[in-house]
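The values are calculated or read from the model by the stated rules, or taken from the named source; none is laboratory data. Model, not experiment: these values are computed from the prediction. As a convention, Cβ positions derive from the backbone with ideal geometry for all residues, glycine included, and neighbour counts pool all protein chains shown. These area figures cover heavy atoms from the full protein model, side chains too; ligands, DNA and RNA do not enter into them. Shrake-Rupley method; radii C 1.70, N 1.55, O 1.52, S 1.80 Å.
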Amino acid sequence: MRHHLPTYIIVVVACLLMLAGCTGKGGTNHVPQASDSLYTEEEAKAIYDYEPERAMVIIDSAEMVGNITDYRADLLRAIVYSKSSGYLHLDSAVMLCEGLLQNDKVNRDTTYLHDIYDILIISHRMRQDYAQWMRWVTKKADLCRAENDATEALRTEADLGYILYSLGRTDEGLSRLDSIIGLLNANGSVARFDASIIALRRKIDVLRATDRYADIIPVALSIVERLDHYEQHPQDYAQDSHRLSSDPDERAGYCDFYRTKAYVVLAEAYANTAAAQKAREYLSKVEGTRYADSRDAHQTMAPVYMALGDYSKALALYDDLEEHMGTDTLTADYANILYARAEAANATGHHAQAYNYLNRYATLNQALTDSTLSGKAHEYAARYHAQEQQLEIEHQHAALIRMKIYIGVGLLLIVLSIGFAVYYRHQKSILRRKNEVLVREISENMRMKRAKDERVAPAGDTATPVNLGTLPHDELFTHICDVIRRERLYLNPAFDRQAAIVHFHLTKEQIGGAFSRGSEFNSIADFIRDCRLEHATHLLETTDLLIGEVASASGFTHATTFNHDFKARFSVSPSAYRAEAARNARN
């Protein structure tokens, strides 16, 4: 997340600093001190939600001048990384937390443990690593119970309801949530009240994921009822939670925030149960709250307006969401925005815009190639070409006027060409720096993974269970994984699922279950490809083999397949990876 500034910016800043030094008192420059308010944990926390890179600089400076300890700095860095949706950043957050758990001082401080467990829970939730998510939820709940905080344990365990749904055990997940909600139902405690709101929201998440909108309505109404009671009768609740302040303004803000979320959920549920009037009623309530302008509210409200046919309101919300995204448009959220814009444009007769949006959506979301999408694209294309022909007729009438502005357009194109050249060079420099950081992180991750594999499965450990077919899916996966990595079976281009079946004397169902149910991989083919790509990174860093030779030495039969899979996995081509790895090694 740290980047080098362009040279011209450094020069300008240097000049300004020299000017400031010449005009300051006594003509001396300021040397950063530990007492400077900039270099504090509080300053980093104040901005790391929306300026993570600057927060990282402040954390580094605070550690450097001694305002915070090294392990406190690592915890803050992990918090910043966990707020990103990028896989490598989440991976960095996990590695930092796992490193902190090796520190005796951290393990003796339960406050640190709570923070670390929270970061691990968030990171694995975003990575959809359900096994690890469940592991850290359980550890956090156990820690809470060890501290006699049953309420916080129940609040944490509300995550288990969604995890069970994600693992295909929906009824069990809802049953667990209902049990937790029942235990938290009684009034009289702020902590219990707050935990019940979280548990109810987790239940809504499961119901929404299963399209059970009619069942969502009573749950959301229950949230509103509990918020109303807490806000109107605060004296009936013991102030026993650090999450909720006794300050009336903060209490009102808390209630307004969660009430807004409940109103949006109710509007969505009513819109999806053909109760348009009720949906509009709750949307109107949302617009009267202080959190109506939040991105979270806009993201949920926009589809409701689309379902109700209020395209102008929906598009206004999408405009705001797109503005906040900035250049971060390689996301599913942005794909949804493009698709919604295409539908709105088509419904309002702007067929050329609809065609453009749908083409962009199809490019961004290549998985959506069904016949319905293709039919809409052709329909929009036909209407677009009809409009194009009409425009061409009008352009012919304007030919004389266009002749007068050719010179101006030519000059403008020259200026734009120069500007584009400068911009292209700057973007290329940015891309190179990003690749440099990306390759450094990938290389470090691969080294750590290889070291871990060597510790877990040392050479010579060839003990094999008597009957592999009786092992649970996760244990069978671990055994197969260890053998394949230890014996480097993946380097054989002919080693595939059938070869694995023969090698381990298992059925295709047993092999398939071990990987699809006992690991993060969809299939053994995905795992073998992952091993080959990891091996390729090592060869790219340590040998002078040609790219095609690296592909063959890593178990790939075709260099084109290798190039495609490598870039899909690491977001950089093999040749660019080798160049950046060599540059990093020199530095």
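So what is the accessible area of the stretch 316-368 per residue, in Å², with the probe set to 1.4 Å?
Details: 2850 Å² over 53 residues.
I get 54 Å² per residue for the stretch 316-368.
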Scattering curve values for the chain, log₁₀ I(q)/I(0), Debye with Cα scatterers, q = 0.05, 0.06, 0.09, 0.12 Å⁻¹: -0.31, -0.45, -1.03, -1.56
Given 261/434; 83/567; 139/508; 278/313, the pairs whose alpha carbons are separated by over 27 Å: 261/434; 139/508
Sequence-distant residues sharing a close amide H with residue 189 (under 5 Å, placed H): 238
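Given a 1.4 Å probe and every protein chain left where it sits, what share in percent of the accessible area of the chain is carbon and sulfur?
Numbers: 17500 of 32740 Å².
So the carbon and sulfur contribution to the accessible surface is 53 percent.
Rounded if a/c is under 1.5, else prolate if a/b is larger than b/c, else oblate: which is the stretch 190-286, with a ≥ b ≥ c the root eigenvalues of its Cα gyration tensor? Mind showing how you got there, number by number?
Values: a/c = 2.88, a/b = 1.82, b/c = 1.58.
Cα axes put the stretch 190-286 in the prolate bin.
Going highest first, how would you order 560-572, 473-485, 257-269 by mean Cβ packing within 10 Å? Present the calculation step by step, with values, prior to reporting the outcome.
Details: 560-572: 16.5, 473-485: 18.7, 257-269: 23.9.
In decreasing order of mean packing, 560-572, 473-485, 257-269 become 257-269, 473-485, 560-572.
Hey, what's the stretch 123-183 come to in accessible area per residue, 1.4 Å probe, Å²?
Working: 2890 Å² over 61 residues.
I get 47 Å² per residue for the stretch 123-183.
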Rounded to the nearest 20 debye, dipole of the chain from Cβ charges on Lys, Arg, Asp, Glu: 1440
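Tell me, what is the per residue accessible area of the stretch 522-585 in Å², probe radius 1.4 Å?
Result: 45 Å² per residue.
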